[in-house]
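Structure record follows, encoded as structure tokens.
The values are calculated or read from the model by the stated rules, or taken from the named source; none is laboratory data. A quick note: this is a predicted structure, and the numbers were derived from the prediction, not measured. All Cβ positions, even for glycine, are placed from backbone atoms using ideal geometry, and neighbour counts span all protein chains on display. Accessible surface is based on the protein model in full, side chains and every heavy atom, while ligands, DNA and RNA are left aside. Shrake-Rupley method; radii C 1.70, N 1.55, O 1.52, S 1.80 Å.
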Amino acid sequence: MSDIDASRPGEHGQLDRSREFAGKTVLITGAGKGIGRTTAKLLAQRGARVIALSRAADDLNTLKEETGCETLCVDLADAAAALEAARAAQPVDLLVNCAGMVELQPFLDTTVEAFDRTIAVNLRAALIVSQQCARSMIERGVKGAIVNVSSVSAQIGFPLHAAYCASKSGLDGLTRVMAIELGEHGIRVNAVNPTVTMTPMGEKAWSDPAKSGPVLARIPLHRFVQPLEVANTIAYLLSDESSMVNGVSMIVDGGLLVA
Ligand code: NAP
């Protein structure tokens, strides 16, 4: 690749952001709320055809009104439904596995049901949806990109988050294997690993200052991450600007992990 391609839109090779993803179809799971919703809006603004997948129909209806995106209403805890929806979404060029859930339970009281549900949504659904998207990309010769929305919880153990931390560590492992096997086909796979983000999920897990305060105190930038800061990182990992980035877990934590 040359240094700067002046034939690209904008002056001196700078990108015209509103056309950055023009001609690309992106499937975003968990697009009803929080990080996924912000990502859907950002990528629509940047010219992508967005297919938003989530569970609550109301969320999808308002997102459709706001962005003109297409929608798929499905519960990803249901493996058969996840497979059917992923097939229905094809052909897609880019995928963001963002759907996630947390059920707070002490380790000793973590139930098999909650553990299985968390793994099903946070990890197994990413496998199922990614397989369908990657197969379609390979068949069409599309050198696409996949971003798995993981968490700093893949690397830090938080109390009450046993199932969640296990699911996110698993997602990072899945990301690395996908990067190796799909890299053979020119498909890049990366994870993005945010710290606490005050979305509906963030409020559920971290609204008590007694819990969030010690985490906040360890972040050198002294704040939690905004959904748009995560969405910007996802957009970077999907874009040609990260054309040689493959298999990483990109930490977005204001320095928490190195402090
Ligand atoms: P959120 O505000 O709760 O939004 C999650 C979205 O995923 C919602 O639209 C939700 O739909 C959807 N979803 C959940 N379970 C689903 C299922 N079974 N089938 C289909 N859709 C489902 O969460 P968020 O904070 O934006 O989190 C997005 C991702 O970032 C998650 O993977 C999360 O683990 C990760 N993350 C979050 C934080 C944080 O502090 N918030 C930090 C690091 C990583 P419903 O509302 O209908 O359930």
Please identify, among Pro220, Pro209, Pro200, the residue showing maximal mean-square fluctuation in a Gaussian network model of the chain using a 10 angstrom Cα cutoff. Pro209
Dividing the mean separation of Cα pairs under 8 Å (6+ apart) by the residue count of the chain yields a relative contact order in percent of 18
0 to 90° range, to nearest 10: angle between helix 34-45 axis and the chain longest Cα axis: 10
13 Å Cα-Cα reach of Lys204 towards aspartates and glutamates, excluding residues that sit fewer than 8 places from it in its own chain: Glu103
Karplus-derived 3J(HN,Hα), 6.51/-1.76/1.60, for each residue of the stretch 79-89, Hz, glycine and proline x: 4, 5, 5, 4, 4, 4, 5, 5, 5, 5, 6
How many nm is it between the label spots at Asn232 and Arg19, if each spot is 7 Å from the Cα in line with the beta carbon? 2.4
With every protein chain kept in place and a 1.4 Å probe, the chain has an accessible area per residue in Å² of 48
Which whole-number percent gives the relative contact order of the stretch 28-163, counting Cα pairs below 8 Å spaced six or more residues apart? 25
Which value, in Å² and to the nearest 10, is the accessible area of Val50 when all protein chains are kept and the probe is 1.4 Å? 10
Taking the chain as a Gaussian network, where each spring joins two C-alpha atoms under 10 Å apart, which residue of Glu65, Glu20, Glu103 fluctuates the most? Glu65
Near Lys64, which lysines are there with a Cα under 25 Å away, not counting those fewer than 8 places off in the same chain? Lys24, Lys33, Lys41
Contour minus Cα-Cα distance for Phe107 and Asp58 (0.36 nm per residue): 14.2 nm
Please list the non-local residues whose amide H lies under 5 Å from the amide H of Met250, H modeled 1.01 Å from N, same-chain partners needing a gap of 5 or more. Ala191, Val192, Asn193
Just the number, please: carbon plus sulfur as a percent of the accessible area of the chain, 1.4 Å probe, no ligands or DNA/RNA counted. 54
Keeping every protein chain in place, order Thr29, Thr38 by accessible area at 1.4 Å, biggest value first, i.e. largest first. Thr38, Thr29
Can you tell me which of 145-154, 104-113, 89-98 comes out highest on packing, and rank the rest after it, using the mean Cβ neighbours within 10 Å? 145-154, 89-98, 104-113
So how much accessible area does His222 have, in Å² to the nearest 10, using a 1.4 Å probe? 130
Probe radius 1.4 Å, ligands and nucleic acids left out: which of Met178, Met244 has the largest accessible area, and how do the rest follow? Met244, Met178
Could you pull the accessible area for Arg135 with a 1.4 Å probe, rounded to 10 Å²? 130
Rank Phe158, Phe115 by accessible area, highest first, at a 1.4 Å probe radius? Phe115, Phe158
State the antiparallel share, in %, of DSSP beta bridges confined to the chain, rounding to the nearest 5. 0
Is it possible to state the helix-based mean residue ellipticity at 222 nm for the chain, with each DSSP H run of 4+ residues giving -39500 (n - 2.57), the sum divided by total residues, to the nearest 500 deg cm²/dmol? What is it? -13000 deg cm²/dmol
Step through the residues of the stretch 184-195 one at a time and calculate ³J(HN,Hα) from phi using the Karplus curve (6.51 cos²θ - 1.76 cosθ + 1.60, θ = phi - 60°), rounding each to whole Hz and writing x for Gly and Pro. 4, 9, x, 9, 8, 10, 9, 10, 10, 10, x, 7
Largest fluctuation, Lys143, Lys204, Lys168 only, Gaussian network model of the chain with Cα springs under 10 angstrom, belongs to Lys204
Taking the Cα centre of each part, how many Å lie between the stretch 29-63 and the stretch 107-121? 27
Please turn the phi angles of the stretch 231-238 into ³J(HN,Hα) values with the Karplus equation 6.51 cos²θ - 1.76 cosθ + 1.60 (θ = phi - 60°), one per residue in order, whole Hz, x for glycine and proline. 4, 4, 5, 4, 4, 4, 5, 7
How long is the chain along each principal axis, judged by its Cα atoms, biggest number first, in Å? 57, 43, 38
